[in-house]
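The values are calculated or read from the model by the stated rules, or taken from the named source; none is laboratory data. The structure displayed is predicted, hence computed values, not measured ones. A quick note on method: Cβ atoms are made from the backbone with ideal geometry, for glycine too, and the neighbour counts reach across all protein chains shown.
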Amino acid sequence: MHKKTAFSFPDEVLEHVFSFIQSDKDRNSVSMVCKSWYEIERWCRRKVFVGNCYAVSPRMVIKRFPEIRSIELKGKPHFADFNLVPDGWGGYVFPWIVEMAGAVPWLEEIKLKRMVVTDESLELIAKSFKNFKALVLSSCEGFSTDGLAAIAASCKNLKELDLRDCDVDDLSGHLLSHFPDTYTSLVSLNISCLGSDEVSFSTLERLVCRCTNLRTLRLNRAVPLDKIANILRRAPQLVDFGTGTYAADLRPDSYSDLAGAFSSCKELRSLSGFWDVVPDYLPAIYPVCSKLTSLNLSYATIQSPELIKLVSHCPNLQRLLVLDYIEDSGLEVLASSCKNLQELRVFPSDPFGVEPNVSLTEQGLVAVSSGCPKLQSVLYFCRRMSNEALVTVAKNCPNFTRFRLCIIEPRTADYQTLEPLDVGFGAIVQYCKDLQRLSLSGLLTDRVFEYIGTYAKKLEMLSVAFAGDSDLGLHHVLSGCESLRKLEIRDCPFGDKALLANAAKLETMRSLWMSSCAVSFRACKLLGQKMPRLNVEVIDERGPPDSRPESCPVDKLYIYRTVAGSRFDMPPFVWTMEDDPSLQLS
Amino acid sequence: MAFEKDFNLDVTELRLGLPGTSEESEKQASTTLRISNKRAMPDMNEDSSVAADKKCDQETAPPTKAQVVGWPPIRSYRKNSLQTKKTEAETCGMYVKVSMDGAPYLRKIDLKMYKGYPELLKALEEMFKFKVGKYSEREGYNGSEFVPTYEDKDGDLMLVGDVPWEMFINSCKRLRIMKGSEARGLGCVV
């Protein structure tokens, strides 16, 4: 007979309490307290995040959480962004949609990153989920505007359609015309990645007019500047706006029209787009600059003086994405004007040029680190760096959570001392105790990995390229970085030893990517055999790895933990190293 | 390094076979190793591309660096949006002013129209009715009182022909054909 204790609340009470717990980590902890909490929790979990779509099967997820309303899935490894993962590798969402269509008809939200989404999947979504509200596709591919049209036409309660950096097959869109005339629930629309497809402006204007809750609107490059004013006037409540092409023949009436339209948007906090900018039209946005918190000028090919003027108008800026046209001088102005800056990303305007085309060096980064006390997240492309600068930056910004530095030429040494940049990055991990994400570049020896293994205890994601001397480097990272979840390595002399010695570590991580390194096929097989809860996948376009000697390094290696076993959808150039229980070592 | 001594990876290495068996199997494998061209050892790739560079004709511009796949790490849509801008510039032409000492007015030419220095110089010779001397790296233009020069991005006066063609057209702001004694200073041997 069960004795009710003082801690035994009715399920409904516990459920109510749990409903305040939103974070996945906390939910997972709650579910591990005891069996009854596990049961209660799983029935009331509404959101699931699956960081690797192959780590678990859709059936398993739905079986455990039958009442979810929102699912987030990630597919391909991060290096797929840079064309290191061949086409056809995987990451198909269709099997997930099929499972959920049957079992979770009340699903409201699907968020996907780096997955292959077909029109068939989109049509199935449109058909299956009557209360569907939000579709966020980030860096996805495989679908066309036809699939999107199905969503627009069928999902009466759709609030959010967000296509971030997707590769969409543009089939004479008219996407917007598929939203019925009675449809008014749109809150967020991001079509910035749609090609140069013609957008029907009257359709867009009518849509914007009737969707009075619209807060985010990011247009694509095809929308010309002279159409923006009309749209803004119809949606003065916009918070986040992305322009299309920001170029037109300069005419006084169209300029004042635009400026007037911008000033009517009192809630505007974020701007983006700005393709093909004509500098003379930029001051049209000055009325909203003082309240702007986020500005994405990373497509704006304007020079430093214009950028400086613009940035000086935005004292409340928290997030800035910009091309290196801003130069050191512009970053110095940023440092003195934008004291609330939290995130900075500087992209290269001429990434493949041999000579620097702009005067952007380590000085700009140092200036921002010195002037912006709240700076937490940096992505910086440049052509030279010094240990001195990195140490200064580290000391100025102990609150960094994300630091990604890309010195464009691989293996570039400290330009002042010609030494490796080990000490500089060492300072970053030493001073920035909360660092979660780090990308390295420049000339680096095993020493930098020693520093990382010693100090980077909160590091969750590390990206390494053209660095290190030996397996010791990899060993330092795998044995020292306690919080490591994702490790991606390319073109480093890391081989079998460190990997095999730290096999157990790999089960505590989401995934490991190694390409153009020195890991032998033999080691991959061993790892696959010994670690049944890891999928060890060899990607090699040269042909089957067993057609070469075992000691031959594999081209690419992707290792991830999973409870779903080997996947079934591998293309011909991916081999999974099977586990073999009969080969257990004594 | 102290670390290496403290650390004996072999002991912890997972391997098939009884403890104590050496790396014989590895040695056997290495003798039959076939080195494929596509082996992705970074150093080998670099060496082969450097060798290729050296084989190139000295007269033409050195080839642009062999682009490494996926480096620098920039998303393709960013690359594409920058490239579209570049091709627009290309279709617009790269017009620079050309002056000749003593000539009453300047001319303008489109640097994009020429594939290299020989064509450019020939066009200038025809336009201004003069002849340049023979170019050598050591002596500049030898045999004529006319010397082709240009002003680069930094505002410096440079001798035409010293840098690779691509680099030249990207940094040339205007051309100037110098004449006479002033030209001598720039390495014109008459």
Residue within the range A:217-226 that is over 24 Å from the mean Cα position of the chain (by Cα), among the aliphatic types (A, V, I, L, M), at pLDDT 95 or above and closer than 23 Å to A:Ser185 by Cα present: no
Filtered residue count, the range A:144-163, keeping only those that are touching a strand residue (DSSP E or B) at 6+ places or on another chain (Cβ under 7 Å) and modelled with pLDDT of 95 or more: 6
Residue satisfying all of: in the range A:512-535; away from chain B (no Cβ under 12 Å) and of a type outside the set (A, V, I, L, M, F, W, C); farthest from the chain's Cα centre (by Cα) among these: A:Pro532
The range A:99-120 - residue that is surrounded by fewer than 18 Cβ atoms within 10 Å (Cβ to Cβ) and without any contact (Cβ under 8 Å) to a residue 40 or more places away in the chain and, of those, nearest to A:Glu537 (Cα to Cα): A:Thr118
Selection status of A:Leu238, in contact with a strand residue (DSSP E or B) (Cβ under 7 Å, 6 or more places away or on another chain) and farther than 27 Å from A:Glu327 by Cα: yes
A:Phe449 vs. criteria in a helix (DSSP H, G or I) and either among the hydrophobic types (A, V, I, L, M, F, W, C) or closer than 16 Å to A:Leu390 by Cβ (or both): yes
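Condition check ((1) modelled with pLDDT under 85; (2) loosely packed, with under 12 Cβ neighbours inside 10 Å) across all residues:
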{"residue": "B:Pro72", "(1), (2)": "no, no"}
{"residue": "B:Arg78", "(1), (2)": "no, no"}
{"residue": "B:Thr84", "(1), (2)": "yes, no"}
{"residue": "B:Gly93", "(1), (2)": "yes, no"}
{"residue": "B:Met100", "(1), (2)": "no, no"}
{"residue": "B:Ala103", "(1), (2)": "no, no"}
{"residue": "B:Lys108", "(1), (2)": "no, yes"}
{"residue": "B:Leu111", "(1), (2)": "no, no"}
Qualifying residue in the range A:60-70 (condition: more than 24 Å from A:Met461 (Cα to Cα), polar (S, T, N, Q) and either within 14 Å of another protein chain (Cβ to nearest Cβ) or out of contact with any helix residue (DSSP H, G or I) (no Cβ under 8 Å at 6 or more places or on another chain) (or both)): yes
Residues located in the range A:337-369, provided they are of a type in the set (Val, Ile, Thr) and buried (at least 18 other Cβ atoms within 10 Å of the Cβ): A:Val346, A:Val358, A:Thr361, A:Val366, A:Val368
Failed criterion for A:Ser196 (all others in (1) modelled with pLDDT under 90; (2) within 25 Å of A:Leu341 (Cα to Cα); (3) hydroxyl-bearing (Ser, Thr, Tyr) hold): (2)
Breaking point among (1) crowded, with 20+ Cβ neighbours inside 10 Å; (2) out of contact with any strand residue (DSSP E or B) (no Cβ under 8 Å at 6 or more places or on another chain), for A:Tyr380: (2)
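Residue by residue, here is whether (1) in contact with a Leu (Cβ under 6 Å, 6 or more places away or on another chain); (2) part of a loop (DSSP other than H, G, I, E, B); (3) over 18 Å from A:Gly473 (Cβ atoms); (4) more than 14 Å from chain B (Cβ to nearest Cβ) holds:
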| position | (1), (2), (3), (4) |
| --- | --- |
| A:Phe403 | yes, no, yes, yes |
| A:Arg411 | yes, yes, no, no |
| A:Leu418 | no, yes, yes, yes |
| A:Gly426 | no, no, no, yes |
| A:Gln430 | no, no, no, yes |
| A:Lys433 | no, yes, yes, yes |
Residue that is surrounded by the fewest Cβ atoms within 10 Å (Cβ to Cβ), among those in the range A:241-285 that are touching a Leu at 6+ places or on another chain (Cβ under 8 Å) and aromatic (Phe, Trp, Tyr): A:Tyr281
Matching entry among A:Phe94, A:Phe132 (being buried (at least 21 other Cβ atoms within 10 Å of the Cβ) and either of a type outside the set (Ser, Thr, Tyr) or in contact with a Leu (Cβ under 6 Å, 6 or more places away or on another chain) (or both)): A:Phe132
Any hit, the range A:234-256, residues being within 30 Å of A:Ser154 (Cα to Cα) and of a type in the set (Lys, Arg): yes
Subset tally (residues that are part of a helix (DSSP H, G or I), buried (at least 19 other Cβ atoms within 10 Å of the Cβ) and charged (D, E, K, R)) for the range A:34-80: 1
Members of the range A:167-191 found to be part of a loop (DSSP other than H, G, I, E, B), aliphatic (A, V, I, L, M), under 22 Å from B:Ser76 (Cα atoms) and under 26 Å from the mean Cα position of the chain (by Cα), listed by number: A:Ile191
Test result for A:Asp446, facing chain B (nearest Cβ under 10 Å) and in contact with a Leu (Cβ under 7 Å, 6 or more places away or on another chain): yes
Residue that is surrounded by the most Cβ atoms within 10 Å (Cβ to Cβ), among those in the range A:147-190 that are touching a Lys or Arg at 6+ places or on another chain (Cβ under 7 Å) and over 16 Å from A:Phe132 (Cα atoms): A:Asn190
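The rows are residues; the columns are (1) touching a residue at least 24 places away in the same chain (Cβ under 8 Å); (2) under 22 Å from A:Lys433 (Cβ atoms); (3) surrounded by 20 or more Cβ atoms within 10 Å (Cβ to Cβ).
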{"residue": "A:His476", "(1), (2), (3)": "yes, yes, yes"}
{"residue": "A:Glu482", "(1), (2), (3)": "yes, yes, no"}
{"residue": "A:Arg485", "(1), (2), (3)": "yes, yes, no"}
{"residue": "A:Asp496", "(1), (2), (3)": "yes, no, yes"}
{"residue": "A:Glu507", "(1), (2), (3)": "yes, no, no"}
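Condition check ((1) touching a Cys at 6+ places or on another chain (Cβ under 9 Å); (2) within 14 Å of chain B (Cβ to nearest Cβ)) across all residues:
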| position | (1), (2) |
| --- | --- |
| A:Val136 | no, no |
| A:Ser139 | yes, yes |
| A:Phe143 | yes, no |
| A:Ala153 | no, no |
| A:Lys156 | no, no |
| A:Asp162 | no, no |
| A:Asp181 | no, no |
Scope the range A:117-137; condition in contact with a helix residue (DSSP H, G or I) (Cβ under 7 Å, 6 or more places away or on another chain), part of a loop (DSSP other than H, G, I, E, B) and closer than 14 Å to A:Leu158 by Cα; matching residues: A:Phe132
Among the residues listed as B:Glu166, B:Glu119, B:Glu139, the single one being more than 17 Å from B:Tyr95 (Cα to Cα) and among the acidic types (Asp, Glu): B:Glu139
Criterion: under 23 Å from the mean Cα position of the chain (by Cα) and modelled with pLDDT of 90 or more - qualifying residue of B:Tyr141, B:Tyr117: B:Tyr117
Of all residues in the range A:302-336 being polar (S, T, N, Q) and crowded, with 18+ Cβ neighbours inside 10 Å, the one that is modelled with the highest pLDDT: A:Gln318
Pick from the range A:338-358, criterion of a type in the set (A, V, I, L, M) and touching a Leu at 6+ places or on another chain (Cβ under 8 Å), ranking: farthest from the other protein chains (Cβ to nearest Cβ): A:Leu341
